[in-house]
Amino acid sequence: MLRLTEELFAKSKEYMPGGVNSPVRSFKAVGQTPVFVERAKGAHIYDVEGRKYIDYVCSWGAKILGHADDDVIEAATGALKNGLSYGAPTKRECDLAALIRDMVPSMEMLRLVNSGTEATMSAIRVARGYTGRDQIVKFRGCYHGHSDGLLVKAGSGGMTSAIPDSLGVPKDYAKNTLIAEYNDLRSVEALFEAHSDTIACVIVEPVAANMGVVPPAEGFLEGLREITKRYGALLIFDEVITGFRLAPGGAQQLYQITPDLSCFGKIVGGGMPLAVYGGKKEIMEIVSPLGGVYQAGTLSGNPVATAAGIKTLEKLRDNKTLYRSIEEKTKVLAEVLKQTFQDEVVINRVGSLMSVFFTTYEVKDYRTALRADTKKYAQFFHAMLRRGIYLAPSQFEAMFVSVAHEAEVLNRTIEAIREVKAEMN
Ligand SMILES: *Cc1c(COP(=O)(O)O)cnc(C)c1O
């Protein structure tokens, strides 16, 4: 890479672990030096060297309208002139909450928070408070942010005992998190049979997007709804990625399943730090000051973030062809990737969420995702990057398409895919 970037990365590493504020940004999974971004517009990011890239990370999906959308920037700019934070209620928080409930009817009552991590952590606290039970079920390969109880993995003693997946997570926390296999209802049923009256909730990404994209098998989400209901546990959809991406009402609209609680992040703040948890009114009324579950936030419902969020959601709501159009574009890319790489790859796609796995096996859960050839992905990633296409720097992340990825941008991407295939042979 170029010199300024090398210098910046070396310097950043002196100040921040790995030189970054979130691990995946360090390019550790693909090697070499990360791109240092200076600005972004539409489908493009521009680095500190003045190089231009077509961006398929899109702030991990948040930028569904493309970078620096004029209307969103105008809304945020207008808001920030009136002060950055008050620590008191505003009309805009109410407007955003109403807009969310309009688009996602299951969100009868909700709370605005600052990150997806906070949203899932709080939703789980609510589920525990409401059911009076301590244990939770999560799926191997699903990511729900970095709170203690969610940073666990299956232990060697089988799926019923979880162990910390990070140093610093007490073993006692992990004890309360049970691990099931994605797309395997029997693994969920088995956990409930063994812990029938201690499981508070099941938390799931309705379309898994943090082990690469893995769609729910037919009947999987319906099965989760049925099992949780039968055992008096809550079903939490973590729609931090899928929310406002797969449909105006998220995965729950697409698959017609009503969870008890849901979490949103990424898109809902239009690129600002804002996330949401909520669901059934009867359940959410347990949150303080109405009820006994405590949750708070100094900057929650921030006036600039809510302005960006409202404008983003309004644009998503009002454009009737938007979801079909971004899905079409993603489909084209998926088809080109498949035609070009043939049996070398498996493409998983739901709407505008997609992953290309370098594997010959069907990818339907964490185990099958792990079979992907990460070295080959790294090769693909760098060859694309050299051609000005910025993909997720890991095999196990999704590729995000935005409204701003227009025909010319797609054609340039397709050209690059074909050149890269020739180079990799
Ligand atoms: C990104 C993500 C989170 C965590 O959100 P942060 O804002 O990074 O804390 C939680 N769940 C899912 C499904 C995510 O993709």
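Here, each number is a calculation from the coordinates, and none is a lab measurement. Being a predicted model, the structure only gives us computed values, none of them experimental. For neighbour counting, all protein chains shown are included, and Cβ atoms are generated from backbone atoms with ideal geometry for every residue, glycine included.
Residue separation times 0.36 nm, minus the C-alpha to C-alpha distance between Ala10 and Asn82: what's the value? If you can, show how the numbers build up before the last one.
Values: separation 72, 0.36 × 72 = 25.92 nm, distance 3.84 nm.
Result: 22.1 nm gained on full extension.
How much length would be gained if the chain were fully extended between Gln379 and Thr298, taking 0.36 nm per residue of separation minus their Cα-Cα distance, in nm to one decimal? Before the final figure, lay out each step's value.
Working: separation 81, 0.36 × 81 = 29.16 nm, distance 4.39 nm.
Answer, rounded to one decimal: 24.8 nm.
Given Cβ point charges of +1 (Lys, Arg) and -1 (Asp, Glu) and nothing else, what value in debye, to the nearest 20, does the dipole of the stretch 36-121 about its Cα centre take?
Details: 10 positive and 13 negative charges, 22 e Å.
Here the size comes out at about 100 debye.
Loop-only GluC sites (Glu not before Pro) in the stretch 306-404, please: DSSP not H, G, I, E or B, and at most 13 other Cβ atoms within 10 Å. Intermediate results must be reported in sequence, preceding the final value.
Working: sites: Glu314, Glu327, Glu328, Glu335, Glu344, Glu362, Glu397; in loops: Glu362, Glu397.
Passing both the DSSP loop test and the Cβ count: Glu362.
What distance in nm separates the two pseudo spin-label positions at Thr340 and Glu415, each 7 Å out from Cα along the beta-carbon direction?
Here the answer is 1.2 nm between the modelled labels.
Per residue of the chain, what 222 nm ellipticity follows from adding -39500 (n - 2.57) for every DSSP H run with n ≥ 4, rounded to the nearest 500?
Values: 14 runs with 159 residues, N = 425.
About -11500 deg cm²/dmol.
Which one, Gly388, Leu410, Ala422, projects farthest toward the positive side of the charge dipole computed for the stretch 365-425 from Cβ point charges (K/R +1, D/E -1)?
Working it through, the farthest residue towards the positive pole turns out to be Ala422.
Averaging sequence separations of C-alpha pairs under 8 Å and six or more residues apart, then dividing by the length of the stretch 195-254, give the relative contact order as a whole percent.
Values: 62 pairs, mean separation 23.4, N = 60.
RCO, the stretch 195-254: 39 percent.
With springs only between Cα atoms under 10 Å apart, run a GNM on the chain and tell me which of Val336, Val104, Val57 wobbles the most.
Val336
Enumerate by residue number the GluC sites (Glu not before Pro) in the stretch 199-244 meeting two conditions: DSSP loop (anything except H, G, I, E, B), and at most 13 other Cβ atoms within 10 Å of the site's Cβ.
Values: sites: Glu218, Glu222, Glu226, Glu239; in loops: Glu218, Glu239.
Loop-located and lightly packed - Glu218.
Report the chymotrypsin sites (Phe, Trp or Tyr not before Pro) located in the stretch 255-364 that are in a DSSP loop and have at most 14 other Cβ atoms inside 10 Å of their Cβ, or state none. It would help to have the intermediate numbers written out before the result.
Working: sites: Tyr255, Phe264, Tyr277, Tyr294, Tyr323, Phe341, Phe357, Phe358, Tyr361; in loops: Tyr255, Tyr294, Phe358, Tyr361.
Those satisfying the criteria are Tyr294, Tyr361.
Charges only on Cβ, +1 for Lys and Arg, -1 for Asp and Glu: so what's the dipole of the chain about the Cα centre, in debye to the nearest 20? Please report the intermediate quantities before stating the final value.
Numbers: 50 positive and 50 negative charges, 87 e Å.
That gives the chain a dipole magnitude of about 420 debye.
How large is the charge dipole for the stretch 11-156, taken about the Cα centre, if only the Cβ atoms of Lys, Arg (+1) and Asp, Glu (-1) carry charge, to the nearest 20 debye?
Charge dipole, the stretch 11-156, about its Cα centre: 540 debye, nearest 20.
Set Lys and Arg Cβ to +1 and Asp and Glu Cβ to -1, take the dipole of the chain about its Cα centre, and tell me which of Tyr86, Leu8, Tyr294 lies farthest positive.
Leu8
Among Ser355, Ala334, Leu322, whose Cα projects farthest towards the positive end of the dipole of the stretch 313-356, with charges put on the beta-carbon of Lys, Arg (+1) and Asp, Glu (-1)?
Leu322
Could you compute the longest span of the chain free of trypsin sites (Lys or Arg not before Pro) located in DSSP loops and having at most 13 other Cβ atoms within 10 Å, not counting the site residues?
Details: sites that count: Lys81, Lys320.
That would be 82-319.
Remind me, relative contact order of the chain in percent, using alpha carbon pairs under 8 angstrom and six or more residues apart?
On the way: 855 pairs, mean separation 93.6, N = 425.
Relative contact order here is 22 percent.
Among Glu93, Glu408, Glu285, which one moves the most in a GNM of the chain with springs linking Cα atoms closer than 10 Å?
Greatest mean-square fluctuation among the candidates belongs to Glu408.
Compute a Gaussian network model of the chain, connecting alpha carbons closer than 10 Å, and tell me which residue from Glu118, Glu74, Glu38 fluctuates the most.
Glu38
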